[in-house]
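One structure below.
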Amino acid sequence: MRGITYFRIFKNTRYMVNLITQVIKDITSFFILLFYSTLAFAFIFLLMDKNDPKLIDYIKISYRLDLGDFDPTGFTSMQWVCLFLATMINMIIMLNLLISIMGDTFGKVQENAEIADRKELLGMISEIETLMFWKKNCTERSYFQVLTGEESGETENNINTRVAIIKKNQKRFHMQTLKRLDTVEEMLKKIWTKLEGDKKEEDEDEDSSDEESGEESGEESGEEED
């Protein structure tokens, strides 16, 4: 098992080492239940056998039953019932539960793959640094930097995507600007029309006032002649 951890040096196997570690952690409780269930059916078969059997033999039989290897020759009705329960619980339910747990673990590891990859690499570097006994008194903290190069295809796709987004936003901004200009133009036309109307009214008022003043002056001059 110790040798497997050294595969953390390589990027392609580092993910698998982390996945194996997480699976082992997650299925620990499952194996406790499976061990109890296997041992329980071993005791049940032991109590049904009246030929002075050994417990270790039935533990082996119960374990082989978990793997689908069994020989029901000479079984009684009760033993057939126990065999049915054992196949349902240990073979079908437990094994499907194991697959489900592994699937959930794979999903969790996949979500945090990049973070876990950095942790595994840091752990490997830390183990190597423990061999440098001449630096054991060095307690200064340092940064861990990783340089990665993007693939040309991914970079090109990212650039094309960004250019398409920029063009789309530019077109939308252009349309919004035209709409705003149309709105401003309509407002200016309304203001200009209103100003012209007000000017005409003022001119008409001035003309009417001039006519009235002319009539009044004519009347006054006529009175003076009389």
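Each reported figure results from applying straightforward, stated rules to the coordinates on display, with no laboratory input. None of the values given here were measured: they were computed from a predicted structure. Neighbour counts are summed over all protein chains in view; Cβ atoms, including those assigned to glycine, are modelled from backbone coordinates with ideal geometry.
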Please count, across region 2-135, the pairs of lysine residues with Cα atoms under 24 Å apart that sit 8 or more places apart or on different chains. 8
Please give the contour-minus-distance gain from Leu39 to Lys167: 0.36 nm per residue of separation, less the Cα-Cα distance, rounded to one decimal in nm. 39.2 nm
In what sequence, highest mean first, do 18-26, 173-181, 37-45, 109-117 appear when ranked by Cβ atoms within 10 angstrom? 37-45, 18-26, 109-117, 173-181
I'd like the distance between the alpha-carbon centres of region 76-102 and region 21-53, rounded to an integer number of Å. 11
